[in-house]
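Shown next, in structure tokens, is the structure this report addresses.
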Amino acid sequence: MFSTLETQNLTLSYEKTAIVQDLSLVIPSGQITALVGANGCGKSTLLKGLARLLTPTHGTVYLDGKSIAQRSTKAVAQRLGLLTQNPTAPEGLTVKDLVVQGRYPYQNWRQQWSTQDEAFVQKALETTDLVDFGDRPLETLSGGQRQRAWIAMALAQNTEILLLDEPTTFLDLAHQIEVLDLLQDLNQQQGSTIVMVLHDLNHACRYADHLVAIQGGRIFAAGAPSTVITEEVVQAVFNLPCRIYPDPITGTPLCIPISAKAKSMPSA
């Protein structure tokens, strides 16, 4: 049975400024959900609220039907993994040392490191194709390899829900596809529920089952990519005119932005 994650009338604020406002959302279990929207609309803030990194001003986040605020930190960490934007690690930390940290929620004075912990670490390294890099310091890896190492740490945590804040930031196109392919494999092969903030609408349409378009801290549209990414929604959410065509590879919506200069250029 999948873990469930949802919000009801959630408001999240920084000091006295509300960023996410009265937002009710059900994350589809066992699917990939992408949060999209303009900079500053509340995507990353919502992700922090889902991960219990921010205390709601109003409303509730529910994990498995119970308020996430009423669960212990360890209980949350055993059900929900988080990869923040641009994570950092101490210099010299090896890939395996990083992945081992994913097992910390299961350690206490009664239960020390076990063969099961070692098995989860090994499986995470295998899943992310990092077995041969276990002894390598993180700083010696490429951007895509480092991102896979952080994902491996989250996998070792063995949670059914994985939250990722802009997992493709600062990666070149090849590494972006590498990371997104990995996440899609995790979803399809292990049934992981994945929620990620993405800026690239075309990547979101290709890889997500469910899209949530956010504007001004509220849900503007939610559903399958084919119903959410329309010329009208992109114009309203991003203030950007565009044309939407079927992706020739996947058939999902392909967004072609139209710049002001392009509109003023004479036709051929």
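The values are calculated or read from the model by the stated rules, or taken from the named source; none is laboratory data. Given the structure is predicted, the values throughout are model-derived calculations rather than measurements. Reconstructed Cβ throughout: ideal geometry from the backbone, glycine too, with neighbour counts over all protein chains shown. Note: accessible area is taken over every heavy atom of the protein model, side chains too, but ligands, DNA and RNA are not part of it. Shrake-Rupley method; radii C 1.70, N 1.55, O 1.52, S 1.80 Å.
Points worth noting:
- Qualifying residue in the stretch 127-148 (condition: modelled with pLDDT under 90 and within 13 Å of the chain's Cα centre (by Cα)): yes
- Screening Thr55 with (1) under 28 Å from Phe220 (Cβ atoms); (2) touching a residue at least 40 places away in the same chain (Cβ under 8 Å) gives one miss only, at (2).
- The number of residues in the stretch 152-182 that are within 25 Å of Gly40 (Cα to Cα) and touching a residue at least 40 places away in the same chain (Cβ under 8 Å) comes to 9.
- Those residues of the stretch 42-75 which are modelled with pLDDT of 90 or more and more than 16 Å from Ser13 (Cβ to Cβ), in sequence order: Ala51, Tyr62, Leu63, Asp64, Gly65, Lys66, Ser67, Ile68, Gln70, Arg71
- Scope the stretch 142-162; condition within 14 Å of Asp129 (Cβ to Cβ) and either in contact with a Lys or Arg (Cβ under 8 Å, 6 or more places away or on another chain) or open to solvent by less than 10 Å² (accessible area, probe 1.4 Å) (or both); matching residues: Gly144, Ala149, Ile151, Ala152, Leu155
- Pair list, Cβ under 7 Å, 6 or more apart: the stretch 235-252 residue buried (at least 17 other Cβ atoms within 10 Å of the Cβ) and modelled with pLDDT of 95 or more, other residue in a loop (DSSP other than H, G, I, E, B) and among the hydroxyl-bearing types (Ser, Thr, Tyr): Ile244/Thr230
- Every residue from the stretch 103-141 that is assigned to a loop (DSSP other than H, G, I, E, B) and surrounded by 13 or more Cβ atoms within 10 Å (Cβ to Cβ): Gln107, Thr128, Asp129, Leu130, Gly134, Arg136, Leu141
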